[in-house]
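Each remark here refers to the structure printed beneath this line.
The values are calculated or read from the model by the stated rules, or taken from the named source; none is laboratory data. Quantities reported herein were computed from a predicted structural model and do not represent experimental measurements. When we count neighbours, we look across all protein chains shown, and the Cβ atoms used for this are built from the backbone with ideal geometry, even at glycine.
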């Protein structure tokens, strides 16, 4: 039964990552399902102490994530998703999950920055040879400044990796 919960969670995390790349939105319903799967997983373990530690860790994660959201560092969907995944993976694997999440997020940010630089260079090379107006230059700068990182991808990737590497296949 625990393996089924993990397989369903991996599928939902993949859907979340795909959707975040394309829409920059993480549906609350999918985040709620991840949290529910975490609660189901806690019940299946039959360890009230571990469940209490996981709930406390989840509360700490949502508090930290909310503060990051409040300061504008991450999106609201990202804040909710990281807390839901914390419930899913458990307190024992939380630090490795957060470390993997930061690595995945950093790699994703580098890829997006490189993509934006290449796009900007391509735009300069391909545009007609004329003097651009101030509004065109401002529009180009504004579009580069709006570039965002779909951090739900990093959260989902770290969650999947943690689930695969840290979940025993038996019991």
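Structure summary
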{"read-out": "Residues of the range 55-74 satisfying the condition of being in a loop (DSSP other than H, G, I, E, B) and either surrounded by 23 or more Cβ atoms within 10 Å (Cβ to Cβ) or modelled with pLDDT of 95 or more (or both)", "value": "71"}
{"read-out": "Qualifying residue in the range 4-23 (condition: outside any helix (DSSP H, G or I) and within 15 Å of the chain's Cα centre (by Cα))", "value": "no"}
